[in-house]
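Engineer: Have a look at this one.
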Amino acid sequence: MPQTTLESTMSHARFPAVAAVATLAVAAASLAAPVRAQDAAEGAKKAAMCIGCHGIPGYQASFPEIHKVPMISGQSGAYIAAALGAYKKGERKHPTMHGIAASLSEKDIADLAAYYEKNLRSPIKTVAATSAVQPSAVVAALLAKGACASCHGAGFDKPISPAYPKIAGQHADYLYLALRSYGPTAHTPAGRANPIMGAQVKPFTRAELKAMADYLASLPGELQTVPQSRFR
Ligand code: HEC
Ligand code: HEC
């Protein structure tokens, strides 16, 4: 984003005052509204190559084991962009998503992130904190030990940074697979190199990760699978 601003400023080099004002306006706009409707509309067209998996409710993937494809509609745009960047660079080793992400430009990634963040079913499912199931004492202790809510937020649906994922209500089998992917590579062939989560999952056994995944999946959340684009 800052680079784009810089480049567009340079193209206005003959009008320094105009350029400075334009730069400020762009910076303010991007702070206030990180997701622009224009990007989302572009993203809607590009999502044609995603809906075969992410737009079919309950669609199953078979690598490295059978699990449901993650819900990405309603996920934070900054996290979607970070995840796509990690697949592209190979920090997330999933072969299919690596192949897809490698074919995307930075602009494609920004558009798709904007699109999926906003492409929700209408009316948007509102989440009542009170409807959350209480964890068992065992799961509550695991979540406290990992301080999971300190990053993933209240109800695991309000992360403290938009670059962190919403995980409430995500598919249980996917969450379990994702958690194992951060562990030692022996856990799953499709490893994830993210150092934050790598440190988080270390103290837990696979059974404990599964217990947390099952609980998180049972929570009400904003994540959805939306077959039809709202932007068409
Ligand atoms: C062939 C099926 C398939 C297609 C097509 C596909 N995906 Fe995926 N996607 C997956 C699977 C399976 C995963 C889980 C990978 C893993 O375990 O890390 C995934 C993961 C993701 C994630 C990470 C979700 C999370 O919670 O971390 C994002 C973001 C994503 N895909 C976006 C896209 C976008 C955008 C497109 C289109 C440009 C796309 N995918 C196309 C199957 C697919
Ligand atoms: C210090 C902040 C922090 C803490 C504490 C934390 N997480 Fe995370 N979590 C993250 C970040 C950042 C990511 C995204 C990593 C990436 O890009 O792959 C993530 C990713 C995840 C994912 C993958 C989501 C997806 O859609 O693929 C799951 C599941 C998860 N965390 C669960 C947990 C659990 C369970 C705990 C507690 C044991 C926990 N996290 C503690 C920051 C944190």
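Bear in mind these aren't lab numbers, they're just calculated from the coordinates by the rules spelled out. Because the structure is predicted, anything quoted here is derived from the model rather than measured. In this analysis, Cβ positions are derived from the backbone assuming ideal geometry, glycine residues included, and neighbour counts consider all displayed protein chains.
Engineer: Dipole of the range 58-211, Cα-centred, from +1 at each Lys and Arg C-beta and -1 at each Asp and Glu C-beta, to the nearest 20 debye?
Structural biologist: Dipole size: approximately 160 debye.
Engineer: If each of Ala147 and Asp214 carries a label point 7 Å out from its Cα toward its Cβ, how far apart are those two points in nm?
Structural biologist: Taking the two extended label points, one gets 2.8 nm.
Engineer: OK, next. Hey, got the dipole for the range 34-121? About the Cα centre, +1 on K and R Cβ, -1 on D and E Cβ, debye to the nearest 20?
Structural biologist: 60 debye
Engineer: What do you get for Rg/Rh over the range 74-117 if you use C-alpha atoms and the Kirkwood form of Rh?
Structural biologist: Here the Rg-to-Rh quotient is 0.95.
Engineer: Turning to a different aspect of this structure: Take the Cβ-Cβ distance between Ala37 and Ile100 as r, set R0 to 22 Å, and report the resulting FRET efficiency rounded to the nearest 0.05.
Structural biologist: For R0 = 22 Å, the calculated efficiency reads 0.35.
Engineer: Please work out how much length the chain gains when fully extended from Ala137 to Lys202, using 0.36 nm per residue of separation minus the C-alpha to C-alpha distance, in nm with one decimal.
Structural biologist: Stretched out fully, the Ala137 to Lys202 stretch lengthens by 21.3 nm.
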